[in-house]
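The structure appears right after this line, and notes come after that.
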Amino acid sequence: MWQVVFLVLVILFFLFSFVLLFGAPYLPTLSKQVDVAIQLANLKPGDTIIELGCGDGRVLLRAAKVGLNAVGYEINPVLFLVSYLRTRRYAKQIRVVYGNFWNKRWPSADAVYVFLLPRLMSKLERKIKQESLVKPRVVSFAFRFPGIRPTLTKDGVFLYEL
């Protein structure tokens, strides 16, 4: 029995740690910061927000509840499944994509939400420019783009207009 428990723990450790090669570990955004992020993005109903690393889907759900369309990317198969299942009731507004957002083509969007490690923020800036998003608002929880002053800051959430 202990072998099965050990095997499950090893598999879960792998699933939750391998993402460090591509991005950030799973740390959910607090509800207060989710609300602040949506507020700072200043989107209108029908606008689209992309979440890079959607984890358990809480940002996607909040976006849908205020009338936004949302696309979330998740590389962890367990979290992808959780996010996909939690957001099914908003299937017309939310799309959850399994895979590495660095290697995917992003849809047209009005804003991007991210909770990413500092070492990847410059790479993200290049990716946003590569995707040719038209004047996207980027909302970042906790971490700043190096060398770029945020347009607004509130409760540890930064708004950038790139």
Q: Please go through the stretch 122-144 and pick out each residue that is more than 16 Å from residue 73 (Cβ to Cβ) and either charged (D, E, K, R) or touching a Lys or Arg at 6+ places or on another chain (Cβ under 7 Å) (or both).
A: 125, 126, 129, 135, 137, 144
**Q.** Those residues of the stretch 105-150 which are free of Cβ contacts under 8 Å to residues at least 60 places away in the same chain, in a loop (DSSP other than H, G, I, E, B), surrounded by 14 or more Cβ atoms within 10 Å (Cβ to Cβ) and not aromatic (Phe, Trp, Tyr), in sequence order
**A.** 131, 133, 136, 142, 144, 148, 150
**Q.** Test: residue in the stretch 30-43 that is farther than 26 Å from residue 134 by Cβ and surrounded by fewer than 13 Cβ atoms within 10 Å (Cβ to Cβ)
**A.** yes
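Values quoted throughout were computed directly from the atomic coordinates according to the rules given, and no laboratory measurement underlies them. On a predicted model such as this, the values are computed, not experimentally measured, just so you know. Heads up, the Cβs are rebuilt from the backbone with ideal geometry, glycines too, and the neighbour counts pull from every protein chain shown.
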